[in-house]
Amino acid sequence: MNQGLVLEVDLECLYGTAVEVSPHVLRVATMFGLGIDERRTQVVVTATKLVLRGGELVFVTGPSGSGKSTILRLIAEAVGGDKSARLIRFDDLPVLADRALVDCLSEAVGSMALEDVLRVLSLAGLNDAFVMLRKPSELSDGQRYRLRLAHVLAMVSAGDGGVLQVVLGDEFGSTLDRLTAAVIAKNVRKWTRRQANVCFIAATTHDDLLEPLEPDVLVVKEFGEGVEVLNQSDTHPRMF
């Protein structure tokens, strides 16, 4: 594995909330073991330290609504405020020109050799010649998601190698069938290992991607305030 760039981020999310102590509120609080008063502090993410390293993949998982997106937002805020890093989010990609994929990807990053365009399209599972000559508007939902992945890979390839490029992929592979999602996950895993200046962060409720992603760091966010961070070197049955 490449000895990549490193960025340490501190994560924590809490807020004050005032609720009317109704019978329903008391019942739900009792069910989940929560204390309720007129004014209380709600902890969503307890203080957690996360180390982002180039060449490594971080997998954030947990039930829907448990706070995975909050963790990604905290990471984005920390990375966005650090001049030694560059943030690339799946949800913030610029719109591609409605031209053949081999053209619009090259244009999106300024200029990209055809061989490099074909490489990122292949990694994203869009290596069929008929697909590569289609426009984004002519693709299926699954193909559009894979095009977004190819767009991210192209942006990273054209980026500054001297800063840590942090890729945030919320709901990673959620629009794909599970077999395709697993294949794409393996491709991303292999690609990330070769990038000393890239930390790829994938978040999804689909824990079936744990094996193909083979993460260097596993972040588990259950309901409540707790966050479990496991490194690949840790011995833990949930991870290996």
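The values are calculated or read from the model by the stated rules, or taken from the named source; none is laboratory data. Since this is a predicted model, take the numbers as computed values, not measurements. Neighbour counts run over all protein chains shown; Cβ positions are idealised from the backbone, glycine included.
Residues that are surrounded by fewer than 18 Cβ atoms within 10 Å (Cβ to Cβ), touching a residue at least 12 places away in the same chain (Cβ under 8 Å) and among the hydrophobic types (A, V, I, L, M, F, W, C) occur in the stretch 152-159; there is at least one.
Screening Val58, Val79 for residues that are under 27 Å from Val120 (Cα atoms) and modelled with pLDDT of 95 or more leaves exactly one candidate, Val58.
Being assigned to a helix (DSSP H, G or I), touching a residue at least 12 places away in the same chain (Cβ under 8 Å) and more than 24 Å from Arg119 (Cα to Cα): is that true of Leu210 here? Steps first, answer last, please.
Working: assigned to a helix (DSSP H, G or I): yes; touching a residue at least 12 places away in the same chain (Cβ under 8 Å): yes; more than 24 Å from Arg119 (Cα to Cα): yes.
It is true that Leu210 is assigned to a helix (DSSP H, G or I), touching a residue at least 12 places away in the same chain (Cβ under 8 Å) and more than 24 Å from Arg119 (Cα to Cα).
When the residues of the stretch 26-45 are filtered to those that are over 14 Å from Val9 (Cβ atoms) and at pLDDT 75 or above, the one that is farthest from the chain's Cα centre (by Cα) is Arg27.
Residues are listed down the side, and each one gets a yes or a no for (1) out of contact with any strand residue (DSSP E or B) (no Cβ under 6 Å at 6 or more places or on another chain); (2) at pLDDT 95 or above; (3) surrounded by fewer than 18 Cβ atoms within 10 Å (Cβ to Cβ); (4) in a loop (DSSP other than H, G, I, E, B):
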residue	(1), (2), (3), (4)
Arg144	yes, yes, yes, no
Ala150	yes, yes, no, no
Gly161	yes, no, yes, yes
Ser174	no, no, yes, yes
Ala185	yes, yes, no, no
Val220	no, no, no, no
Phe223	yes, no, yes, yes
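If the condition is being out of contact with any His (no Cβ under 9 Å at 6 or more places or on another chain), in contact (Cβ under 8 Å) with a residue 12 or more places away in the chain and assigned to a loop (DSSP other than H, G, I, E, B), then the stretch 122-138 contributes Gly125, Leu126, Leu133, Arg134, Lys135.
Test Ala113 against the criterion of being more than 15 Å from Leu168 (Cβ to Cβ) and free of Cβ contacts under 8 Å to residues at least 40 places away in the same chain, and give yes or no. Taking the combined requirement at face value, the residue satisfies it. How many residues are surrounded by 15 or more Cβ atoms within 10 Å (Cβ to Cβ) and not in a loop (DSSP other than H, G, I, E, B) when one looks only at the stretch 77-121? Summing the residues that are surrounded by 15 or more Cβ atoms within 10 Å (Cβ to Cβ) and not in a loop (DSSP other than H, G, I, E, B) in the stretch 77-121 gives 21.
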